[in-house]
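Following: one structure in structure tokens, then a few remarks.
The values are calculated or read from the model by the stated rules, or taken from the named source; none is laboratory data. Small disclaimer: the values here were computed from a predicted structure and weren't measured. All Cβ positions, even for glycine, are placed from backbone atoms using ideal geometry, and neighbour counts span all protein chains on display. When the accessible area is computed, the model is the full protein with side chains, heavy atoms only, and any ligands, DNA or RNA have been set aside. Shrake-Rupley method; radii C 1.70, N 1.55, O 1.52, S 1.80 Å.
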Amino acid sequence: MKYCLRGCYPENARPAIIIDEEGVCSGCRTFEHRLKLSAEDWKEKENTFKEIVNEYKEKARKEGSPYDCILPVGGGKDSHFQAYYLTQVCKVRPLLITYNSGYNS
């Protein structure tokens, strides 16, 4: 069994990770890449996101839809942040949808 030399994750971790020839896992490599991004890169990504959101928001409102988009939510902190960001920062009217898959047979 191989382990990541930095994060100590095992090769059979879930979700699956890939350990490269230097013994470092894909999760650690992704983290390294994010550290290299500057604040300007993130601001540019945010502006691109807002442009896309505004395009679809305008389209939904022209069509008379009461909602601008559908936001799948699970009830955790990520879903709460996404709902907050869309409604308060982007001024979007999302339809929040959740699905309970705990009772599958």
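What are the pairs with Cβ atoms under 9 angstrom where one residue, in the stretch 1-17, is assigned to a strand (DSSP E or B) and the other, located anywhere, is open to solvent by 40 Å² or more (accessible area, probe 1.4 Å) and of a type in the set (Phe, Trp, Tyr)? Sequence gap at least six, or different chains.
Hits for this filter: Tyr3/Tyr9; Pro10/Tyr3.
What residue, among those in the stretch 48-80 that are among the charged types (D, E, K, R) and part of a loop (DSSP other than H, G, I, E, B), is most open to solvent (accessible area, probe 1.4 Å)? Full working, then the answer.
Taking the stretch 48-80 as the starting set, the residues that turn out to be among the charged types (D, E, K, R) are 50-51, 55, 57-59, 61-63, 68, 77-78.
Those still in the list that are part of a loop (DSSP other than H, G, I, E, B) too: 63, 68.
Values: Glu63: 136, Asp68: 18 Å².
It comes out as Glu63.
Hey, among the residues in the stretch 6-24 that are under 19 Å from the mean Cα position of the chain (by Cα), open to solvent by 40 Å² or more (accessible area, probe 1.4 Å) and not charged (D, E, K, R), which one's farthest from Tyr85 (Cα to Cα)?
Here the residue is Ala16.
Within the stretch 81-102, work out how many residues are open to solvent by less than 70 Å² (accessible area, probe 1.4 Å), of a type in the set (Ser, Thr, Tyr) and assigned to a loop (DSSP other than H, G, I, E, B). Don't jump to the end; show me each part of the working.
First pass over the stretch 81-102, keeping only residues open to solvent by less than 70 Å² (accessible area, probe 1.4 Å): 83, 85-87, 89-90, 92, 94-95, 101-102.
Narrowing the set further to residues that are of a type in the set (Ser, Thr, Tyr) leaves 85, 87, 101.
Within this subset, residues satisfying the condition of being assigned to a loop (DSSP other than H, G, I, E, B) are 101.
Of the residues in the stretch 81-102, 1 are open to solvent by less than 70 Å² (accessible area, probe 1.4 Å), of a type in the set (Ser, Thr, Tyr) and assigned to a loop (DSSP other than H, G, I, E, B).
Looking at the stretch 25-45, is at least one residue touching a strand residue (DSSP E or B) at 6+ places or on another chain (Cβ under 7 Å), open to solvent by 40 Å² or more (accessible area, probe 1.4 Å), outside any loop (DSSP other than H, G, I, E, B) and within 30 Å of Pro94 (Cα to Cα)?
Taking every residue of the stretch 25-45 in turn, none turns out to be touching a strand residue (DSSP E or B) at 6+ places or on another chain (Cβ under 7 Å), open to solvent by 40 Å² or more (accessible area, probe 1.4 Å), outside any loop (DSSP other than H, G, I, E, B) and within 30 Å of Pro94 (Cα to Cα).
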